[in-house]
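Everything below concerns the one structure shown next.
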Ligand code: UTP
């Protein structure tokens, strides 16, 4: 009897970066706590993990990141004040984030790169496949991506990354994948990866975005990965090794770590660590909210007509 592969239940959220693009707001506040309308960006990310069936969440944090832990914990003082006033709707909002998932935390120490942040999750994750969601990447909840990635991992094994087509002049901002097609129009096999290539060296215009489903073999590779671009231990470099090993002849017999597939995402996504994208996320999500949208859109229309 063949053993069914372990079910993916754990999500890792690296949130220990310095957030320098958003200074001075991020001097004492983690960028993941910046509000997107009225919820911190990180809450959308945890909600996305839970919606994909992953309710064991490990957050990789660092200095100045205490507010992240507080946000997902109970706040008895606030709760009892709201309960005394009979303000049920605000009380529910306060309790929402602490009831979402089983939260765990690990500190990265020095921010030595995304690869190093993922490696900090090894003792918690063990030898099961797991998901990684970048804390500053917001995927619109109406365009589910992680569920599809979990399905693809269950079908093919190995690891799955999220890819998005970008304009050639944008490729140098992302990790970039060399791919070949599969039988599914939204799934490709990844044959190689390069971190932030010059346009001339880019193997495609498929950019890596902040969602991953990883085989635990990635930890063995990360332990040996030298600092790469920017002096940081890059997750892309470790994934490149995973993909290359699978493509090589030896892998046909050994199958170390399995293949790397990519799910091509065409939905709405915002990099909330980037000021322009952060503003776009807020305007769009506010316009679409039932409670705020009608008034806000009317104001926005007149602002645009008068000011632009
Ligand atoms: P970024 O490349 O956005 O870096 O990291 P950053 O330091 O957070 O932000 P900027 O560029 O200085 O503005 C991508 C993701 O990896 C995490 C970040 O928290 C973010 O979610 N990360 C990065 C870590 O957890 N540890 C690191 O050492 C580096």
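Exposure proxy ranking for 94, 150, based on other Cβ atoms within 10 angstrom of each Cβ and starting from the fewest, stands as 94, 150.
Per-residue ellipticity at 222 nm computed for the chain from its helices equals -11000 deg cm²/dmol, with DSSP H segments shorter than 4 residues left out and the rest contributing -39,500 (n - 2.57).
For the chain, the share of DSSP beta bridges that are antiparallel, to the nearest 5, is 60%.
Here region 1-159 carries DSSP beta bridges of which approximately 15% are antiparallel, counting only pairs with both residues inside. Here region 1-79 and region 141-156 have alpha carbon centers that stand 20 Å from each other.
Shown for 90, 211: other C-beta atoms within 10 Å of each C-beta, ranked fewest to most, produce the order 90, 211.
Length gained on full extension, residue 308 to residue 292, computed as 0.36 nm times the residue gap minus the Cα-Cα distance: 3.5 nm.
Extension gain, residue 39 to residue 127, is 28.3 nm, computed as 0.36 nm per intervening residue step minus the present C-alpha separation.
Kirkwood-type hydrodynamic radius, the chain: 20.6 Å, calculated from all non-identical alpha-carbon pairs.
Cβ crowding within 10 Å ranks 136, 274 as 274, 136, fewest other Cβ atoms first. Rounded, prolate or oblate: which fits region 148-255, taking a ≥ b ≥ c as square roots of the Cα gyration tensor eigenvalues, rounded meaning a/c under 1.5, else prolate when a/b beats b/c? Oblate is the answer for region 148-255, as a/c is 1.5 or above yet b/c matches or exceeds a/b.
Laboratory data are not the source of any read-out in this text; all were calculated from the coordinates shown. Just so it is clear, the structure is predicted and the values come from calculations on it, not from any experiment. Positions of Cβ are generated from backbone atoms using ideal geometry, with glycine treated the same way; all protein chains shown enter the neighbour counts.
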